[in-house]
Amino acid sequence: MIEFRDVTKQYPDGTVAVDKLNLTVEAGTITVFVGPSGCGKTTSLRMVNRMIEATSGTILIDGKDIRDSEPALLRRGMGYVIQQAGLFPHRTVLDNVATVPLLSGWDKRKARARAAELLETVGLPAEMGRRYPVQLSGGQQQRVGVARALAADPPILLMDEPFSAVDPVVREDLQNELLRLQGELDKTIVFVTHDIDEAVRIGEKVAVFRKGGVLAQYGTPADVLRYPADEFVAGFVGRDRGYRGLSFLESSGISVDRVETAKLGKPRAETVADWVLVLDSDGHPCGWLPPGTSVDGSLTREPLVAGGSLYTTGTSLRGALDAALSSPASRGVVVDEDGKYVGVITARQVLDLIEGHPQAVSKT
Amino acid sequence: MNWLSRNIDAVLELTGYHLVIALLPVLFGLVISIPLGWVANRWPVARAILVPVAGIMYTIPSLVLFLILPPLLGTRVLDEINVIIALTIYTVALLVRSVADALAAVPPHVIAAADAMGYRPVRRFFGVELPLAVPVLVAGLRVATVSNISLTSVAAILGVPQLGSLFTDGFAVENYDEIVVAIILIFLLAMVFDGLLLLAGRLLTPWARAGRAVGAAK
């Protein structure tokens, strides 16, 4: 548990970076500090391991004042993942991961064995340990950064915009990986980002900071989206916060319709009147045949219009609405966990479901 | 080249002196430049003084330095210590800027990461910052080494024995074989030590080569 008590950081020129922060990060949770640049979120994070010293106030870790620990020793007890990974360019990946164990006096062989174990934990092949950071992609470097932070098995993990320098697809992979790891490791994680989507995606608690280092709201992602504390938070979480809020609505009780389907490779001879969903031999959707298409002979992929996003049953309503809205046939394709066709839904059906949902009505 | 075969022992002895006089200053210069470069990188004011002063030192003609050092240090004019100190000054003048620039080029997020991992300052310097400065440092050392091997011959005018003595001697007795042997030997020494430093630099920085290979592939 990390407690901020009246913590203020003021620079000699008078700038207040963090203003009387009071906040408790619960043990075993991912807490995200989010806000625009200059809001004091990174400063708050860096005060936890004393890379920045608070001007006044107290930070307690499990009830113990951090000022009672020597900075270097305090830091070896907390994992830190930095933007752009910050790997040591002159050390192999394995030695990078072994950094903290080696600093703490482990013998080299034990530290490297531990490092190799961690590469596997973060999903990197063991032979990558011999490479230098420059030989890795941005996403791989960031994974090494996470492995390095975990090497001495610290109870606390501080993550300073760790995924902001990688492309969106890789970022989503890394976020999923972090959630998976957290499921196994149960660390106390403080994660800084300027991206509200990332914050609500990975945070169990979200602390929204505003300029001048003031904590604007602290709550669950669903609360922050649905009940923003003030105009600033409402503006920061964005115009489509209602849409994002759907991420937290479960879709139990959704009923699907059927639509005419056709099998890829099967012979047909007709001109279709309405949209026809085409499935492959395993039942996976491949695309739509638009009305008016004439098929004579074996059905190929050639006349197909690409489908929209697929909605997997049991996931949040956000995906359901997106599937319906992105489908060329105005009907979202619903698939089961194996990706096989189950049915279709319209946006209207999703909206009816949202309106009937007890948690969906916004207080504001 | 009969001259060389007749005087091989003397030439080898002079080569030995030449190397000691030229290379000891490289070692001393390196040891002195690292803390000075660290200071120059750490405090902007120190840099504003050290870097220009180093530049000016390098412009002092070597002969002048060889001659003003004995009264300043209280040494005898013939003493090779004067030459060693003068060449150390040149080496420092060359390397201070290299060290300061190399340290300044270490990415801030790498330093921040080292701090966050729990490095204390001294270990961070020797474990992270200095190794990363090696490529730039080796480049500076190569220039200083070649320059020292060449400048050492000037000391012949003071009568300090080394390969340059073959110039003064050769001119005095009009023995051009002697002069050609000295030129070739000094050139070879410079090439050999430049090559050795290049090789040592490569062996010390396998990571830099990995980086260049990635850069070339892009």
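Read-outs throughout are calculated quantities, based only on the coordinates presented, and are distinct from any laboratory measurement. Nothing here was measured: the structure is a model prediction, and the numbers come from that model. Positions of Cβ are generated from backbone atoms using ideal geometry, with glycine treated the same way; all protein chains shown enter the neighbour counts.
Please list, or write none, the lysines whose alpha carbon is within less than 27 Å of the alpha carbon of residue A:340, excluding same-chain residues fewer than 8 places away.
A:263, A:266
Of B:182, B:206, B:8, which is farthest towards the positive pole of chain B's charge dipole, taken about the Cα centre with +1 and -1 on the beta-carbons of Lys, Arg and Asp, Glu respectively?
So the residue furthest toward the plus end is B:206.
Any idea how far the Cα center of the range A:85-137 sits from the one of the range B:82-105, in Å?
First find each Cα centre; the distance between them is then 35 Å.
Which ³J(HN,Hα) values in Hz, rounded to whole numbers, follow from the phi angles of the range A:294-301 under the Karplus curve 6.51 cos²θ - 1.76 cosθ + 1.60, where θ = phi - 60° and Gly and Pro get x?
Going residue by residue, I get 9, 10, 9, x, 5, 6, 10, 6 Hz, with x marking Gly and Pro.
Taking all pairs of different Cα atoms in the range B:94-145, averaging 1/r and flipping that mean, what Kirkwood radius in angstroms comes out?
Computed over the range B:94-145, the radius equals 11.4 Å.
Taking chain B as a Gaussian network, where each spring joins two C-alpha atoms under 10 Å apart, which residue of B:172, B:46, B:144 fluctuates the most?
B:172
Can you pull out the trypsin sites (Lys or Arg not before Pro) in the range A:267-337 whose DSSP state is coil and whose Cβ has at most 13 other Cβ atoms within 10 Å?
Listed in order of number, the matching sites are A:301.
Once you mark the GluC sites (Glu not before Pro) that are in a DSSP loop and have at most 16 other Cβ atoms within 10 Å, what is the longest gap between them in chain A?
A:54-203
Distances longer than 18 Å among the Cα atoms of the range B:47-183: what percent of all pairs is that?
In whole percent, the long-distance tail amounts to 65.
With +1 on the Cβ of every Lys and Arg and -1 on the Cβ of every Asp and Glu, and nothing else charged, how large is the dipole of the protein assembly as shown about its Cα centre, in debye rounded to the nearest 20?
720
Counting only residues 5 or more places away or on other chains, whose amide H sits under 5 Å from the amide H of residue A:191 once H atoms are built in the peptide plane?
A:31, A:32, A:33, A:159
Given springs between every Cα pair under 10 Å in a Gaussian network model of chain B, which of B:168, B:88, B:59 has the largest fluctuation?
Comparing B:168, B:88, B:59 in a Gaussian network model of chain B, the most mobile one is B:59.
For the pair residue A:104/residue A:24, report the inter-label distance in nm, with labels modelled 7 Å from Cα in the Cβ direction.
2.7
Go through the range A:310-321 residue by residue and turn each phi into a ³J(HN,Hα) via Karplus (6.51, -1.76, 1.60, θ = phi - 60°); whole Hz please, and just put x for glycine and proline.
So the J values, rounded to whole Hz, are 9, 10, 8, 4, x, 8, 6, 5, 4, x, 5, 5.
What is the order of B:171, A:232, fewest Cβ neighbours within 10 Å to most?
B:171, A:232
Please report Rg over Rh for the range A:261-355, where both radii come from the alpha carbon positions and Rh follows the Kirkwood definition.
Across the range A:261-355, the Cα-based Rg/Rh ratio is 1.01.
When chain B is treated as a GNM, springs tying every alpha-carbon pair under 10 Å, which of B:95, B:36, B:188 comes out with the largest mean-square fluctuation?
In this elastic network of chain B, the residue with the biggest mean-square fluctuation among B:95, B:36, B:188 is B:188.
Which values, in whole Å and largest first, are the semi-axes of the equivalent ellipsoid of the protein assembly as shown obtained as the square root of 5 times each eigenvalue of the Cα gyration tensor?
68, 33, 19
What number comes out for the charge environment of residue B:122, summing +1 per Lys or Arg and -1 per Asp or Glu over other residues with Cβ under 15 Å away?
After counting each charged neighbour, the total is +1.
How large is ³J(HN,Hα), in whole Hz, for each residue of the range A:194-202 in order, when computed from phi with the Karplus curve 6.51 cos²θ - 1.76 cosθ + 1.60 and θ = phi - 60°, using x for Gly and Pro?
After applying 6.51 cos²θ - 1.76 cosθ + 1.60, I find 9, 9, 4, 4, 4, 4, 6, 6, 9 Hz.
Please report the base-10 log of the normalised intensity I(q)/I(0) for the range A:2-248, using a Debye sum with one equal scatterer per alpha carbon and no solvent, at each q in 0.09, 0.14 (1/Å).
After summing over all Cα pairs, the log10 values are -0.39, -0.93.
Assuming R0 = 41 Å, can you tell me the calculated FRET efficiency for the pair residue A:273 and residue A:179, based on Cβ-Cβ distance, to the nearest 0.05?
Efficiency computed from Cβ-Cβ geometry: 0.35.
Give the share of C-alpha pairs in each 10 angstrom bin for the range B:8-78, from 0 to the last occupied bin, in whole percents, shortest bins first.
Pairs per bin, as whole percents: 16, 32, 34, 14, 4, 0.
Please report, to two decimal places, log10 I(q)/I(0) for the range A:56-98 at q = 0.24, 0.31, 0.34 Å⁻¹ as given by the Debye formula with identical point scatterers on the Cα atoms and no solvent.
Each listed q maps to, in turn, -0.90, -1.14, -1.21.
Return the subset of A:110/A:205; A:110/A:187; A:20/A:64; A:41/A:110; A:64/A:110 for which the Cα-Cα distance in this structure is over 27 Å, preserving the input order.
As for pairs spanning more than 27 Å Cα to Cα, those are A:110/A:205; A:41/A:110; A:64/A:110.
Which listed residue (A:307, A:178, B:32) has the Cα farthest towards the positive end of the charge dipole for the protein assembly as shown, taking +1 on Lys and Arg C-beta and -1 on Asp and Glu C-beta about the Cα centre?
In the protein assembly as shown, that residue is B:32.
For the range B:158-199 and the range B:107-146, write down the distance between their C-alpha centroids in whole Å.
36
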